[in-house]
1. May I ask you to derive the relative contact order of the chain, considering only C-alpha pairs under 8 Å and at least 6 residues apart, and to give it as an integer percent?
2. Within the stretch 34-49, list the residues whose amide N lies under 20 Å from a label point set 7 Å along Cα→Cβ of Trp59.
3. Report, in deg cm²/dmol and to the nearest 500, the calculated mean residue ellipticity at 222 nm for the chain, where each DSSP H run with n ≥ 4 adds -39500 (n - 2.57) and the sum is divided by the residue count.
4. Under a 10 Å cutoff between Cα atoms, tell me which one of Leu108, Leu64, Leu39 has the largest fluctuation in the Gaussian network model of the chain.
5. Which shape class, rounded, prolate or oblate, goes with the stretch 1-121 when its Cα gyration tensor gives a ≥ b ≥ c as root eigenvalues, a/c under 1.5 marks rounded, and past that a/b bigger than b/c marks prolate?
Amino acid sequence: MASGRSHDRATWLLSLPFGLLWWPWLGLAGVASAAGGFLAGGLWLSPDLDTRSNPSRRWGPLALLWWPYRRGLRHRSLLSHSPLLGSAFRLAYLAVLVLALSVLLSPLGVPGPGRLLQAGRGLWEQQRPLLLAALVGVEASSWLHLLQDGDPLPRQPRLLRRKRKRR
């Protein structure tokens, strides 16, 4: 299992080469989008958000938002350390938090969930290739993390494990 420093170093070193893979299709904007997604995925949306880690600390005071995530998931669980499922779950968790906060803060002038969803839909329609490059970057950085840890397969959830009979 790699240290947090090793994960960060690899993320920084590989973000630009990963971004450059997108140059032929999306140009400089694709490079920036893919490399930015890779950096965000590795440094702020890491599979290690289920522990007290460098990615958790990078959120600063907003790290409190990840407390329910950390308390609800066991380290290296299916929902945190799975290819595809882990990143999708972290992004969905973050989206739900943003929408919930928009409901709470809408009396203060913050756009409500409907407006946020409409803006997100418009952004998706206008910038789909760049958003896909960023999402693939988030997932690629997650795979890098899992491969560095030497465990691309997560632990089976407690509820699905059979209890072993003692002999």
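All of the numbers you see were taken from the coordinates with simple rules; none came from a lab. Predicted, not measured: the structure shown is a model, and the values here were computed from it. Note: ideal-geometry Cβ built from the backbone for every residue, glycine included; neighbour counts use all protein chains shown.
1. For the chain, the relative contact order is 32 percent.
2. Hits in the stretch 34-49 for Trp59 at 20 Å: 37-49.
3. -21500 deg cm²/dmol
4. Leu108
5. Cα axes put the stretch 1-121 in the oblate bin.
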